[in-house]
Amino acid sequence: MRHALVVGGSGMLAGASLWLADQGYTVSVIGRSRSKMEKLTEASPNIIPLLMDYNDEESLTGGIRSSIAAHGAYNIVVAWIRGNYPKIIHAISNEIKSASDREWSLYHVTGSRSNLDEIAKEIGDIPKRTVHQVKLGFVIEDEASRWLTHEEISNGVINGIKSGAKRTVIGTLTPWEKRPES
């Protein structure tokens with residue numbers, strides 16, 4: 001059985017969650033919105049909701065532990081984490097390591113301002129894991145720019161998974177001075 005975890009998978013990564021489900025994965029999705037989670041579970045029986053705030057370490061580790069016990073260790077983790085991502089990624093990694101010795105892939109989705117080399121150092125080396133970084137950029141249309149849509153983000157993550165690239169940029173990062181106002 002193939003099992004995926006998508007952190008933030010009921011919002012901007014909902015399309016990626018559903019795509020993984022369509023690929024035959026059981027997809028455990030961490031999110032806070034019950035209504036968004038209900039839409040996902042209505043769209044696919046392969047979506048397993050994990051309603052929680054990933055910043056609550058006790059809730060996170062308990063939810064992941066239960067998810068792994070029910071559906072097996074994760075083969076793939078797609079994570080959009082704001083804030084203390086090293087601690088959260090290590091908590092996820094430790095639960096996977098406790099359950100299985102198999103290799104797994106992490107697709108870490110980051111914002112446009114992030115320094116991918118620095119993030120890699122902060123996370124460090126975790127045995128049996130391959131890391132893929134997906135950096136979100138912006139779109140320039142005519143003379144204006146805008147942030148990526150949820151669909152564009154999900155499609156970019158899907159393309160990153162399909163390609164297996166170590167680093168993927170969705171949209172553009174240049175020219176930096178053309179990025180949209182926050």
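Some values worked out for this structure:
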| item | result |
| --- | --- |
| Taking Tyr74, Tyr107 and counting other C-beta atoms within 10 Å, the order from fewest to most | Tyr107, Tyr74 |
| Positive-end residue, the chain charge dipole about Cα centroid, Cβ charges, pick of Gly164, Asn55, Asn94 | Asn94 |
| Cα pair distances in the range 1-105, grouped into 5 Å bins until the bin that holds the longest one, percent each | 2, 14, 27, 27, 20, 8, 1, 0 |
| Neighbour-count order for Met1, Met37, fewest beta carbons within 10 angstrom listed first | Met1, Met37 |
| Neighbour net charge for Ala120 - beta-carbon separation under 14 angstrom, K R +1, D E -1 | +1 |
| Near-label residues of the range 91-114 by backbone N, under 20 Å of a point 7 Å along Cα→Cβ of Arg65 | 91-102 |
| Listed residues Asn155, Asn94, Asn115, most fluctuating in the chain (Gaussian network, C-alpha, under 10 Å) | Asn115 |
| Set of lysines near Lys135 by C-alpha distance (under 20 Å), chain-local residues within fewer than 8 positions excluded | Lys87, Lys121, Lys162, Lys166, Lys178 |
| For q = 0.08, 0.09, 0.10 Å⁻¹, Debye-computed log10 I/I(0) when each Cα of the chain counts as one equal scatterer | -0.24, -0.30, -0.37 |
| Highest-fluctuation residue, Glu151, Glu141, Glu42 considered, GNM on the chain with Cα pairs under 10 Å | Glu141 |
| Antiparallel DSSP beta bridges within the chain, percent to nearest 5 | 15 |
| Fewest-first ranking of Leu5, Leu13, Leu148, Leu51, using other Cβ atoms within 10 Å as the exposure measure | Leu51, Leu148, Leu13, Leu5 |
| Computed lengthening from Lys128 to Asp22, 0.36 nm per intervening residue step minus Cα-Cα distance | 35.6 nm |
| Radius 13 Å from Cβ of Gly83, net charge of other residues (Lys, Arg +1; Asp, Glu -1) | -2 |
| For the range 22-38, Karplus couplings with θ = phi - 60° (6.51, -1.76, 1.60), whole Hz, Gly/Pro x | 5, 7, x, 7, 7, 10, 7, 10, 8, x, 9, 8, 4, 5, 5, 5, 4 |
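Any read-out appearing in this document is the output of simple, stated calculations on the displayed coordinates, not a laboratory observation. Remember, predicted model here, so these are calculated numbers, not experimental data. In this analysis, Cβ positions are derived from the backbone assuming ideal geometry, glycine residues included, and neighbour counts consider all displayed protein chains.
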